[in-house]
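Heads up, the thing below is written out as structure tokens.
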Amino acid sequence: MAEVHPILHFLAPTGAGAVRAFDAQEQEVLDHVNREIAGESSLDDILDFLFQGIRELYPCDRIGLAFIEDEGRRIVAHRSRANYEPILLKEGYAEDLAGSSLRRVLDSNCARVIYDLPRYLADHPRSGSTRILVKEGVRSSLTCPLTVKDRAIGVIFLSSRETRAYTPYHVQLWMALAERLSQAVEKTWRIEQLTAANQAYTEVLAFVSHELKNPIASMITDARVLADGYLGPLEARQTQKLERLISKGSYLLDLIGEYLDLARMEGGNLALHPIAAAFEAEVVEPSMELALGQAKAKGMTLERRLPPDLPPVQCDPGLLRIVLANLLGNAVKYGREGGAVRLTVESGPAGLKVAVWNEGPGFRAEDRPKLFRKFSRLQSPELRAQKGTGVGLYTAWRIVHLHGGRMDAVSQAGAWAEFSFEVPQPLPEVGDKGMGNP
């Protein structure tokens, strides 16, 4: 049965099949597309061919391809084609699937037709992708699942700049393409993923093996002994040199820690062990202590705002220390010299909210979707000037989601940035609490 809505329409494959038979010209186009798609060697080739071929059957001003990532937690745009410019919703745009109507498309293997995107946006103002598409001039859309052996891998978005452009018959046409197209797309996507992953991990291993030839922890200890004068007084210039040596060594140790955390996650070995923790003593204090030295070196003030009667928090304090230390460390690293960093903790009926605000370059609104992704770094000159790998924020995001929570980031470019996370109380039941088995 189709569920009818003035703006939104979901159609199951079985319901779409009884509309009418294809005529000879339509069947010829379908056969040609099905036959040729299997021979394309890349996602770009598939999308180029599909965009041209499908427009003989569909009203289509834009086509987009997106895949499920991070164990089904979010959908990420990978390719798009349009007969207009500019395309504003670009590759890399990501949205969480929780609470999204796309969740139903993927779980039920049904198509979604939105007849009037501006009206849909008025009813769903938090849909960032809809807001961007409306800015592009898109007025209606048909979203079709990509499914291989009953396993959803992503979606194809067909869009028109006319309202009510799609009908149940267009869903029927899609179902005639769906199986062959899904198989071809998955094959090329997996090849691209493996190529990118192999390159990334090869670069990481090369970097780590090059940077970590010497026993870094011992080096830092020896340098600290010298700098503190235990082996005799030093000149100011000598002490400065040693402090720089210690700073560089500490950076490398932090890097090792990030990659060890990432390796634990990738191997599915990072498990949640929640307790009723004294959040200030077990999470806030150790994390602030780690950031204090760097903040002093940059002449920054480190402020905290905590409720005086903060109750015990159900969490894994060891994992949340990783999260908070990362947010504080980034706030100091990317913050303005002499500026302020402010930690705010709030506790309410829904749970715990922690925010870290800093004065500094911040980030542009269009760069927001790139945050919290593995090996992703923002490209503005101010941020690229600082050393980093893009691993820490991704690790923090995974840990917060392991707690059943969410992360967010807001900024005024050139002035400030704030990164925050929320942890529900009590924690939801999440399988075996393993990072590899969410």
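Odds and ends about this structure:
- Residue match in segment 47-55 (condition: at pLDDT below 95, assigned to a loop (DSSP other than H, G, I, E, B) and among the basic types (K, R)): yes
- Between D70, D107, the distinction of being of a type outside the set (K, R), at positive phi and in the same structural domain as T147 (by TED's automatic domain parsing) belongs to D70 only.
- Tally of residues being more than 16 Å from H9 (Cβ to Cβ) and either in a helix (DSSP H, G or I) or in contact (Cβ under 8 Å) with a residue 40 or more places away in the chain (or both) across segment 99-131: 9
- Scanning segment 146-162 for residues that are under 23 Å from the mean Cα position of the chain (by Cα) and either among the basic types (K, R) or more than 16 Å from K187 (Cα to Cα) (or both) yields R151, F157.
- Applying a threshold of 8 Å to beta carbon distances and a minimum spacing of six or more residues, or different chains, the list of pairs starting in segment 359-370 at a residue that is free of Cβ contacts under 8 Å to residues at least 40 places away in the same chain and ending at one that is crowded, with 17+ Cβ neighbours inside 10 Å and part of a loop (DSSP other than H, G, I, E, B) reads D367/L378.
- Residue ID - surrounded by the most Cβ atoms within 10 Å (Cβ to Cβ), chosen from residues in segment 179-192 that are under 16 Å from K149 (Cα atoms), without any contact (Cβ under 8 Å) to a residue 60 or more places away in the chain and of a type outside the set (S, T, N, Q): E186
- Options A417, A355: the member that is assigned to a strand (DSSP E or B), assigned by TED's automatic domain parsing to the domain that holds P308, modelled with pLDDT of 90 or more and in contact with a Gly (Cβ under 9 Å, 6 or more places away or on another chain): A417
- Residue in segment 153-164 that is closer than 18 Å to A38 by Cα, touching a residue at least 12 places away in the same chain (Cβ under 8 Å) and surrounded by fewer than 21 Cβ atoms within 10 Å (Cβ to Cβ) present: yes
- Any chance Q25 is loosely packed, with under 14 Cβ neighbours inside 10 Å, at pLDDT below 80 and either on the phi > 0 side of the Ramachandran plot or not charged (D, E, K, R) (or both): yes
One line per residue, one yes/no per condition, for (1) under 30 Å from R131 (Cα atoms); (2) basic (K, R); (3) at pLDDT 85 or above:
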site	(1), (2), (3)
M300	no, no, yes
E303	no, no, yes
N326	no, no, yes
G329	no, no, yes
V341	no, no, yes
S380	yes, no, no
L383	yes, no, no
L393	yes, no, yes
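The values are calculated or read from the model by the stated rules, or taken from the named source; none is laboratory data. As the structure is a prediction and not an experimental result, all values here were calculated from the model. Cβ atoms come from the backbone with ideal geometry, glycine included; neighbour counts cover every protein chain shown.
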